[in-house]
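Asks: If you scroll down you'll find the structure; I have some questions about it.
The values are calculated or read from the model by the stated rules, or taken from the named source; none is laboratory data. Computed from a predicted model, the values in this text were never measured in an experiment. Virtual Cβ from ideal backbone geometry, glycine too; neighbours counted across all protein chains shown.
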C-alpha cells in the first residue's frame with residue numbers, strides 16, 4: 001500500500017498538473033511552508049480567514065514586504081485551500097488584498113540605451129538587445145530555444161510566457177546576424193555534448209513523456225546555453241540548462257554604472273523602455289499590448305503616463321521667462 005503523499009507533495013503535484021512554471025512552484029511552496037510554520041504547524045484545514053490575515057499582517061508590519069509580495073503570499077495560500085484542500089468557504093473571496101501603489105516605471109532614453117549597449121559585449125549584448133528591441137522579459141530571453149527563431153518571417157515566438165501565454169514578436173533586422181552567430185555557438189556546444197554522451201535539455205513534463213527523445217534534438221536546445229552541464233536534483237540527469245539570469249543582470253548593472261546614468265535600472269527597465277519608445281514613435285497602444293503580452297490594456301496604459309510626464313505636455317511657465 002502506497003503512503004499518502006505529504007501536503008507539500010500534494011501542492012507540488014497540483015501545481016504541475018496545472019502546468020505552472022517552476023518559479024511559481026518554488027514561490028507557492030515557500031509561502032505555504034511559511035504560513036504553516038507561522039501558526040506552529042497547525043493543520044491548514046483547521047485555519048481560516050483570521051489566520052491568513054494574521055500572517056499577511058505579520059508580513060506587512062514586521063517584515064515590511066511590498067504589496068505585490070503580500071499578494072503573492074495570499075495567492076499561494078488561496079491555492080492551497082482551493083486547489084489542494086478543495087475548501088472554498090465564502091470567506092476565501094473576502095480576504096483583503098494589499099493595494100499596490102501606482103508607480104511610474106523607470107525608463108531609459110534612447111541615448112542612454114546606446115550608452116548602455118556600448119558597455120556590453122557578446123551574448124550579454126545580444127540578450128540586452130532582445131529585451132529592449134523586442135520587449136522581452138529576462139526569463140523569456142534566456143529561455144529562448146532554437147525553434148523559436150523564425151528568420152523566414154522575421155519573428156520570434158515566445159512560448160509559455162507569463163500567464164502561460166504564447167505570443168509572437170518581431171525579429172529586429174539589426175539582430176539577424178548576431179542571432180545566427182549565437183546559433184552557431186550554441187550548435188558547437190550541443191555537438192560537443194552529444195559526442196561526450198550528453199546533449200539533453202529540460203522539457204516540460206508533458207513533452208518529455210510524449211517525445212522521450214526530443215530533449216536531445218537541436219531544435220529544443222537553448223539559444224543561450226549555460227557554460228557548464230549540471231545535474232538536476234529531482235531527476236538526477238545531467239543536462240545543459242540555459243544561461244543563468246544573474247549573468248546578464250550583473251553585466252547590465254555594471255554597464256549602467258559605467259555610463260554614469262543616475263537611474264536605478266534593471267533588465268526589466270529595457271522592456272519598459274521598449275514600450276515607451278514605441279509609443280513615442282507613434283505606435284498604437286493595442287499593438288504594444290500584444291507585443292508585451294499584457295492581458296489587460298490597463299497594464300500597458302502606464303506607459304502613456306511616462307510619455308506624457310510633466311503634466312500631460314503642459315509647458316511650465318518658468319520656460320517663458
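Asks: Go through the range 116-138 and give me each residue that's in a helix (DSSP H, G or I) and loosely packed, with under 15 Cβ neighbours inside 10 Å. Explain how you work it out, then say what you get.
Replies: First, pick out the residues of the range 116-138 that are in a helix (DSSP H, G or I): 116-118, 122-134, 138.
Within the range 116-138, 118, 122 qualify.
Asks: What's the number of the only condition in (1) crowded, with 20+ Cβ neighbours inside 10 Å; (2) within 18 Å of the chain's Cα centre (by Cα); (3) over 23 Å from residue 238 (Cβ atoms) that residue 142 fails to meet?
Replies: (3)
Asks: Could you give every pair whose Cβ atoms fall below 8 Å, whose first residue belongs to the range 121-134 and is outside the structural domain of residue 181 (by TED's automatic domain parsing), and whose second residue is part of a helix (DSSP H, G or I) and buried (at least 21 other Cβ atoms within 10 Å of the Cβ), counting only separations of at least 6 or pairs across chains?
Replies: none
Asks: When you go through (1) more than 20 Å from residue 125 (Cα to Cα); (2) in a helix (DSSP H, G or I) one by one for residue 185, which number turns out not to apply?
Replies: Tallying (1) more than 20 Å from residue 125 (Cα to Cα); (2) in a helix (DSSP H, G or I), residue 185 fails exactly one: (1).
Asks: Of the numbered conditions (1) in a helix (DSSP H, G or I); (2) surrounded by 15 or more Cβ atoms within 10 Å (Cβ to Cβ), residue 147 satisfies every one except a single condition; which is it?
Replies: Failing condition for residue 147: (2).
Asks: Do we find a residue being touching a residue at least 40 places away in the same chain (Cβ under 8 Å) and under 28 Å from the mean Cα position of the chain (by Cα) anywhere in the range 59-71?
Replies: Taking the range 59-71 first, the residues touching a residue at least 40 places away in the same chain (Cβ under 8 Å) are none.
No; the residues of the range 59-71 include none that is touching a residue at least 40 places away in the same chain (Cβ under 8 Å) and under 28 Å from the mean Cα position of the chain (by Cα).
Asks: Could you check how many residues of the range 228-285 are assigned to a helix (DSSP H, G or I) and closer than 30 Å to residue 25 by Cβ?
Replies: Restricting attention to the range 228-285, the residues satisfying the condition of being assigned to a helix (DSSP H, G or I) are 245-259, 267-280, 285.
Still in the running and closer than 30 Å to residue 25 by Cβ: 245-253, 267-272, 274-275.
Result for the range 228-285: 17.
Asks: Moving to a separate point now. Can you find, within the range 291-309, the residue that is nearest to residue 167 (Cα to Cα) among those that are touching a residue at least 40 places away in the same chain (Cβ under 8 Å) and out of contact with any strand residue (DSSP E or B) (no Cβ under 7 Å at 6 or more places or on another chain)? Step through it out loud before you land on a result.
Replies: The initial filter retains those residues of the range 291-309 that are touching a residue at least 40 places away in the same chain (Cβ under 8 Å), namely 291-293, 295, 302-303, 305-306, 309.
Keeping just the survivors that are out of contact with any strand residue (DSSP E or B) (no Cβ under 7 Å at 6 or more places or on another chain) gives 292, 295, 302-303, 305-306, 309.
Details: 292: 9, 295: 11, 302: 21, 303: 20, 305: 25, 306: 25, 309: 30 Å.
That would be 292.
Asks: Also, quick follow-up: Considering the range 169-204 alone, what residues qualify as being surrounded by fewer than 11 Cβ atoms within 10 Å (Cβ to Cβ) and over 14 Å from residue 223 (Cβ atoms)?
Replies: 173, 174, 177, 195, 196, 197
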